[in-house]
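What follows is a set of notes on a single structure, which appears directly below.
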Amino acid sequence: MIGFVDDFLNGITMYRLIFYFLTFLSLVAVAFSALGILPFNPIALIFSVAFLTLACWISNTFFARVFRVQTNLESVYITALILALIVTPVRNLQDALLLGLVAVLSQGSKYILAVNKKHIFNPAAFAVAMGALAFKEGASWWVGTSWMAPFVLVGGLLIVRKIRRFSLVLSYLIVSIIAILGSSAFSSNNPLIIIKNLILDSPIIFFSLVMLTEPQTTPPGKFLQITYGGLVGFLFAPFVRLGTFSFSPEMALLAGNIFSYLLSPKEKLLLKIKEKIQIAPDIYDFVFDQDRKLVYLPGQYMEWTLGHKNPDRRGTRRYFTIAASPTEENLRIGVRFSQNGSSFKKALISMSSGDSIIASQLSGEFTLPRDPSRKLVFIAGGIGVTPYRSMIKYLLDTEQKRDMVLFYASKKEADFVYSDIFDKAEKSLGMKTVYVLTESENVPKSWQGKVGQIDKKMIAEEVPDYHDRIFYISGPHSMVDVFEKVLKGLGIAGNQIKIDFFPGYA
């Protein structure tokens with residue numbers, strides 16, 4: 001079952017998944033309103049969704065033209081749908097004015113309250129917080145009801161599974177529940193009833209699974225995410241006050257956003273392509289000029305946004321590992337293409353010298369250990385070799401010798417890339433490279449590498465001291481799962497295995 005879910009999630013981008021989920025929640029709410037389950041006029045609810053979507057689109061278009069930046073319609077529609085689910089549907093002219101205000105504030109915050117083109121606050125949370133100050137009426141969080149809870153929970157868990165933010169969500173839930181129970185310890189209320197009401201009749205599920213995990217305002221790294229979740233969870237508790245000021249859910253999130261911004265990379269780069277290099281039949285390197293030098297660690301990744309006409313269900317954003325080394329002048333990514341590729345990849349391959357793309361959200365912990373004495377094994381499948389190109393090029397340029405073995409698997413010999421870097425590392429750094437062709441029918445007569453699957457026997461033969469090493473695995477999701485099981489079958493502890501994760505290969 002988990003494998004089926006992961007296959008589905010790997011075929012859709014995070015943003016498109018969230019958009020579909022929020023659209024589904026809106027349709028469920030309309031149906032419940034029509035049945036009298038929710039206390040809204042279904043026509044008013046439909047009008048609110050449509051009005052917010054239109055107002056967000058118009059205001060986003062205006063701000064994008066004023067600030068002369070590329071826009072992303074997926075984020076516009078997602079924000080509009082979130083607002084529709086947390087602001088009470090329109091009942092009168094004043095409600096319509098509130099909806100219009102929060103729509104403009106949500107889009108304006110992304111452009112005005114931004115540093116180096118990176119916005120600081122969750123747009124929906126900022127909009128309803130400012131709306132409350134202006135109109136004394138902000139978010140009602142009406143989506144947090146027992147009737148909506150099952151749908152919110154299932155879809156929200158899919159989002160968290162997609163982006164691997166379980167530790168963030170759990171830290172928030174644990175701290176907020178403990179804080180709320182602690183604040184009610186001297187009351188006569190049953191703690192179980194408090195927890196039940198908190199889960200079924202409050203916004204805590206929607207807030208934690210959808211809004212708290214918003215990628216642009218979430219810090220990178222598991223430790224910072226756990227701290228971030230705990231901080232917002234503590235501020236979520238009703239007893240936390242600053243004088244007469246108490247934290248609403250949106251204000252707690254905005255406070256967390258400030259914490260996240262202070263400790264997160266600030267880069268959002270508009271990069272121009274310098275050259276496009278075909279390095280294998282279906283693989284290209286894209287090299288980009290940098291206006292200012294990006295500071296990053298070898299093995300980290302970024303989110304790449306490429307606006308284009310008629311995007312398909314996989315949207316306009318992708319996560320790619322930086323294949324360049326921090327010692328190199330330009331940024332570089334390696335991308336595999338297929339005949340039935342997405343609209344994003346079709347737009348990417350059609351880029352010419354001077355065309356622009358946005359790179360942001362530098363993140364990832366798939367990096368070299370600080371201790372240079374640690375022995376390493378790299379396992380790469382297909383284009384999953386890109387982080388190793390970054391790491392090994394960095395070690396070459398900085399003349400750092402480490403005890404390393406690289407297993408590099410591919411279906412065809414022609415698909416092996418960056419062999420010049422790896423060959424140089426064998427000579428200069430003493431790295432051992434094991435090339436593996438996984439399909440016997442594709443083995444040429446001159447082949448001197450391994451044939452078959454990388455299994456326990458092959459690893460034990462090539463790396464006799466495997467118990468003493470840290471293993472890195474990078475490649476398609478299914479391949480990563482297989483190799484993780486192989487390593488655990490060898491008795492490798494979980495803390496000796498590092499997996500290259502970012503939200504999807506779609």
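Summary table below
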item: Matching residues, segment 140-170, being on the phi > 0 side of the Ramachandran plot and of a type outside the set (Lys, Arg); result: TRP141
item: Residue list for segment 109-118, restricted to those being touching a helix residue (DSSP H, G or I) at 6+ places or on another chain (Cβ under 6 Å) and surrounded by fewer than 22 Cβ atoms within 10 Å (Cβ to Cβ); result: TYR111
item: Pick from segment 119-150, criterion in a helix (DSSP H, G or I) and either aromatic (Phe, Trp, Tyr) or within 21 Å of the chain's Cα centre (by Cα) (or both), ranking: surrounded by the fewest Cβ atoms within 10 Å (Cβ to Cβ); result: PHE135
item: Some residue of segment 456-478 being β-branched (Val, Ile, Thr), over 15 Å from LYS375 (Cβ atoms) and free of Cβ contacts under 8 Å to residues at least 60 places away in the same chain; result: no
item: Scan of segment 467-485 for residues that are in a helix (DSSP H, G or I) and either within 18 Å of VAL385 (Cα to Cα) or touching a helix residue (DSSP H, G or I) at 6+ places or on another chain (Cβ under 6 Å) (or both), ordered by number; result: HIS477, SER478, MET479, VAL480, ASP481, VAL482, PHE483, GLU484
item: Residue within segment 37-52 that is under 27 Å from the mean Cα position of the chain (by Cα) and either surrounded by fewer than 19 Cβ atoms within 10 Å (Cβ to Cβ) or more than 15 Å from GLY100 (Cα to Cα) (or both) present; result: no
item: Extreme residue, modelled with the lowest pLDDT, among residues of segment 333-374 that are surrounded by fewer than 19 Cβ atoms within 10 Å (Cβ to Cβ) and within 30 Å of ASP468 (Cβ to Cβ); result: GLU365
item: Qualifying positions in segment 57-74 - surrounded by fewer than 17 Cβ atoms within 10 Å (Cβ to Cβ) and of a type in the set (D, E, K, R); result: ARG65, ARG68
item: Residue list for segment 269-286, filter: within 22 Å of GLY354 (Cα to Cα) and either under 23 Å from the mean Cα position of the chain (by Cα) or of a type in the set (D, E, K, R) (or both); result: LEU269, LEU270, LEU271, LYS272, LYS274, GLU275, LYS276, ASP285, PHE286
item: Filter result (under 16 Å from GLY364 (Cα atoms) and among the hydroxyl-bearing types (Ser, Thr, Tyr)) within segment 154-176; result: SER167
item: Residue match in segment 389-410 (condition: within 23 Å of the chain's Cα centre (by Cα), modelled with pLDDT under 95 and not assigned by TED's automatic domain parsing to the domain that holds TYR20); result: no
item: Residue that is under 18 Å from SER75 (Cβ atoms), modelled with pLDDT of 95 or more, of a type in the set (A, V, I, L, M) and assigned to a helix (DSSP H, G or I), where the choices are LEU170, LEU153, LEU157, LEU209; result: LEU209
item: Of residues in segment 415-442 being in contact (Cβ under 8 Å) with a residue 60 or more places away in the chain and among the hydrophobic types (A, V, I, L, M, F, W, C), the one surrounded by the most Cβ atoms within 10 Å (Cβ to Cβ); result: VAL417
item: Those residues of segment 307-327 which are of a type in the set (A, V, I, L, M, F, W, C) and out of contact with any Lys or Arg (no Cβ under 8 Å at 6 or more places or on another chain), in sequence order; result: PHE320
item: Flag for PHE8 being aromatic (Phe, Trp, Tyr), in the same structural domain as TRP147 (by TED's automatic domain parsing) and in a helix (DSSP H, G or I); result: yes
item: Single residue of segment 444-466 satisfying the filter (in contact with a helix residue (DSSP H, G or I) (Cβ under 8 Å, 6 or more places away or on another chain) and not in a helix (DSSP H, G or I)) that is surrounded by the most Cβ atoms within 10 Å (Cβ to Cβ); result: ILE454
item: Strands (runs of 3 or more DSSP E) fully within segment 257-336 counting 2 or more residues that are under 29 Å from ILE226 (Cα atoms); result: 268-280, 301-305, 317-321
item: Evaluation of LYS427 against (1) more than 17 Å from LEU368 (Cα to Cα); (2) part of a strand (DSSP E or B); (3) charged (D, E, K, R) (one fails), failing number; result: (2)
item: Residue match in segment 469-488 (condition: surrounded by fewer than 13 Cβ atoms within 10 Å (Cβ to Cβ) and hydrophobic (A, V, I, L, M, F, W, C)); result: no
item: Residue in segment 24-39 that is among the hydroxyl-bearing types (Ser, Thr, Tyr), assigned to a helix (DSSP H, G or I) and at pLDDT 95 or above present; result: yes
item: Residue list for segment 1-18, restricted to those being in contact with a strand residue (DSSP E or B) (Cβ under 7 Å, 6 or more places away or on another chain) and of a type in the set (S, T, N, Q); result: THR13
item: Residue that is farthest from THR53 (Cα to Cα) [pool: residues in segment 97-124 that are in contact with a Ser or Thr (Cβ under 7 Å, 6 or more places away or on another chain) and among the polar types (S, T, N, Q)]; result: ASN122
item: Candidates ILE199, ILE273, ILE277 - the one that is β-branched (Val, Ile, Thr) and without any contact (Cβ under 8 Å) to a residue 12 or more places away in the chain; result: ILE277
item: Filtered residues of segment 83-104 (kept if under 20 Å from PHE19 (Cα atoms) and either under 29 Å from the mean Cα position of the chain (by Cα) or aliphatic (A, V, I, L, M) (or both)); result: LEU83, ALA84, LEU85, ILE86, VAL87, LEU99, VAL102, ALA103, VAL104
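The values are calculated or read from the model by the stated rules, or taken from the named source; none is laboratory data. Here the structure is a predicted model, which is why all the values come from computation and not from measurement. Ideal geometry is used to build each Cβ from the backbone, glycine not excepted, and the neighbour counts take in all protein chains shown.
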